[in-house]
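Since the structure comes first, as structure tokens, the remarks are kept for the end.
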Amino acid sequence: MRVLGIETTCDETAAAVVQLPSGGCGEILSNEVMSQIAEHAAFGGVVPEIAARAHVDTLDRVIERALARAQLELQDLDGIAAAAGPGLIGGIMVGLTAAKALALASRKPFVAINHLEAHALTARLTDEVGFPYLLLLVSGGHTQLVAVRRVGSYLRLGSTLDDAAGEAFDKVGKMLGLPYPGGPHVEKRAADGNVARFDLPRPMLGRPTPDFSFSGLKTAVRLEVERLGTLTPADVADVCAAFQAAAVDAIIDRCRAGLRLFRETVGQPNAVVAAGGVAANGTLRRTLVRFCAEAGLRLITPPVNLCTDNGAMIAWAGIERLSLGLVDDMTFAARPRWPLDANTEAVHHGKA
Ligand code: KG4
Ligand code: ZN
């Protein structure tokens with residue numbers, strides 16, 4: 001089975017072709033990503049109108065390149081999948097319309113994909129892992145712990161009460177005058193910093209419900225930055241190191257609470273899976289390795305380019321759904337809000 005996946009929910013225009021040989025993991029035949037970071041950098045964040053226009057300008061070429069790299073024609077595909085949400089409506093409509101048009105023209109099945117579900121299932125593209133597993137989803141827009149029970153069945157154990165983890169990294173980056181998006185730059189500067197110079201809070205530490213919060217930590221960083229006034233490169237490095245350490249400590253503590261709740265409500269997980277842009281962070285990855293070793297669990301961290309937004313994860317989610325006979329029709333509309341567990345009750349009352 002071969003599926004084309006299209007991703008346009010945020011600031012990456014992406015298309016990929018993934019193949020499922022005969023069971024097991026997927027094989028990525030192409031994975032084209034055109035980032036709009038440069039277009040949004042001047043504004044310090046993603047501007048929806050600019051994003052939508054950039055998707056219109058580049059999507060055709062990105063799809064063409066994905067097919068060419070895979071050395072395939074539309075006719076060779078078994079389906080066309082597009083992220084239908086959640087995200088910025090203008091961009092979603094661009095990708096969704098393109099996918100529907102290609103599916104109609106080539107008489108192939110069309111699959112509408114939840115972007116979060118695609119992040120959740122990426123581990124099965126790269127590694128053989130059975131359900132259920134504990135998913136830590138940490139991206140620019142989402143921060144959640146989810147019990148992935150099977151395709152289409154997700155139980156949200158906890159989520160952020162304020163900022164997403166990536167958002168917190170980006171805001172700290174902005175305070176320090178680092179380029180947008182701040183996450184990778186904060187990590188880079190933190191490498192030369194002294195983690196112990198600032199004593200920053202670990203939000204929600206020890207709370208039994210696995211929710212996240214980053215606003216208190218962000219405010220603590222802001223106060224330190226204001227106190228310092230003019231920042232030397234060493235100050236920037238120390239703030240980055242202290243913030244990263246606090247954020248990672250907080251995330252791991254929340255994973256501990258999430259694992260406990262998983263065992264109480266679902267049973268024993270087969271693995272812990274980290275997904276989303278922040279899962280590219282080396283310190284978080286190393287700390288997760290220790291956490292999983294102590295818990296006696298397998299850890300799956302997909303390669304960095306599959307942790308951030310990409311087309312391959314959409315194509316793979318398409319394969320997972322098509323394999324179960326799940327297809328969508330042309331009336332499927334873009335969903336700017338689309339919780340992963342839309343059809344399932346959250347375990348407790350966290351915010352979406
Ligand atoms: O999943 P993603 O590509 O896009 C969505 O938000 O859906 O995640 C992007 C986020 C940004 O906030 C970015 O700063 C953050 O992931 N990020 C990182 C790192 N790489 C990307 N945060 C911390 N450390 C990194 N190395
Ligand atoms: Zn994402």
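Could you please find all residues in region 179-193 being within 22 Å of the chain's Cα centre (by Cα) and more than 10 Å from V239 (Cβ to Cβ)?
P179, Y180, P181, G182, G183, P184, H185, E187, K188
Would you be able to say whether some residue in region 123-131 is within 16 Å of ligand 1 (Cβ to nearest atom), at pLDDT 95 or above and small (G, A, S)?
Checked region 123-131: at least one residue is within 16 Å of ligand 1 (Cβ to nearest atom), at pLDDT 95 or above and small (G, A, S).
I'm checking my understanding of the structure. Among residues of region 283-305 that are aliphatic (A, V, I, L, M) and within 10 Å of ligand 1 (Cβ to nearest atom), which one is modelled with the highest pLDDT?
Per the stated criteria, the residue is L284.
Those residues that are modelled with pLDDT of 95 or more and surrounded by fewer than 24 Cβ atoms within 10 Å (Cβ to Cβ), I need them from region 138-151; list them, please.
Of everything in region 138-151, those that are modelled with pLDDT of 95 or more and surrounded by fewer than 24 Cβ atoms within 10 Å (Cβ to Cβ) turn out to be R149, R150, V151.
Based on this model, can you work out whether A51 counts as under 19 Å from E117 (Cα atoms) and within 16 Å of ligand 2 (Cβ to nearest atom)?
Answer is no for this residue.
Restricting the first residue to region 269-293 and requiring it to be among the basic types (K, R), which pairs with a second residue that is part of a loop (DSSP other than H, G, I, E, B) meet a Cβ separation below 6 Å and a spacing of at least six or different chains?
Filtered contacts from region 269-293: R285/T301.
When you look at A68, is it crowded, with 17+ Cβ neighbours inside 10 Å, farther than 20 Å from V111 by Cβ and in the same structural domain as N310 (by TED's automatic domain parsing), yes or no?
Considered against the rule, which asks whether it is crowded, with 17+ Cβ neighbours inside 10 Å, farther than 20 Å from V111 by Cβ and in the same structural domain as N310 (by TED's automatic domain parsing), A68 comes out as no.
What residue, of T265, T287, is over 21 Å from the mean Cα position of the chain (by Cα) and surrounded by fewer than 23 Cβ atoms within 10 Å (Cβ to Cβ)?
The match here is T265.
State yes or no: is G193 assigned by TED's automatic domain parsing to the domain that holds L261, surrounded by 20 or more Cβ atoms within 10 Å (Cβ to Cβ), farther than 17 Å from L136 by Cα and in contact (Cβ under 8 Å) with a residue 24 or more places away in the chain?
Criteria met by G193.
Could you tell me whether any residue of region 165-182 is among the aromatic types (F, W, Y), within 16 Å of ligand 1 (Cβ to nearest atom) and at pLDDT below 95?
Yes, there is a match, as at least one residue in region 165-182 is among the aromatic types (F, W, Y), within 16 Å of ligand 1 (Cβ to nearest atom) and at pLDDT below 95.
Restricting to region 234-268, name every residue that is in contact (Cβ under 8 Å) with a residue 24 or more places away in the chain and charged (D, E, K, R).
Selection gives D238, D249, D253, R254, R256, R260.
Would you be able to say whether some residue in region 41-63 is modelled with pLDDT of 95 or more and part of a loop (DSSP other than H, G, I, E, B)?
No, that holds for no residue.
Out of A81, A112, A120, I need the residue that is within 16 Å of ligand 1 (Cβ to nearest atom) and surrounded by 22 or more Cβ atoms within 10 Å (Cβ to Cβ). Which one?
A120
Does L96 count as farther than 14 Å from D211 by Cα, outside any strand (DSSP E or B), away from ligand 1 (no atom under 15 Å from the Cβ) and not assigned by TED's automatic domain parsing to the domain that holds F214?
Yes, satisfied.
Out of all the residues in region 20-38, which are away from ligand 2 (no atom under 16 Å from the Cβ) and in contact (Cβ under 8 Å) with a residue 24 or more places away in the chain?
Residues satisfying the conditions are L20, G24, C25, G26, I28, L29, S30, E32.
Return the only residue of A120, A83 being under 22 Å from D329 (Cβ atoms), within 12 Å of ligand 2 (Cβ to nearest atom) and of a type in the set (A, V, I, L, M, F, W, C).
Of A120, A83, the one residue that is under 22 Å from D329 (Cβ atoms), within 12 Å of ligand 2 (Cβ to nearest atom) and of a type in the set (A, V, I, L, M, F, W, C) is A83.
The values are calculated or read from the model by the stated rules, or taken from the named source; none is laboratory data. None of these values were measured; they are calculated from a predicted model. Counting neighbours? That spans all protein chains shown, and the Cβs are built from the backbone with ideal geometry, glycine included.
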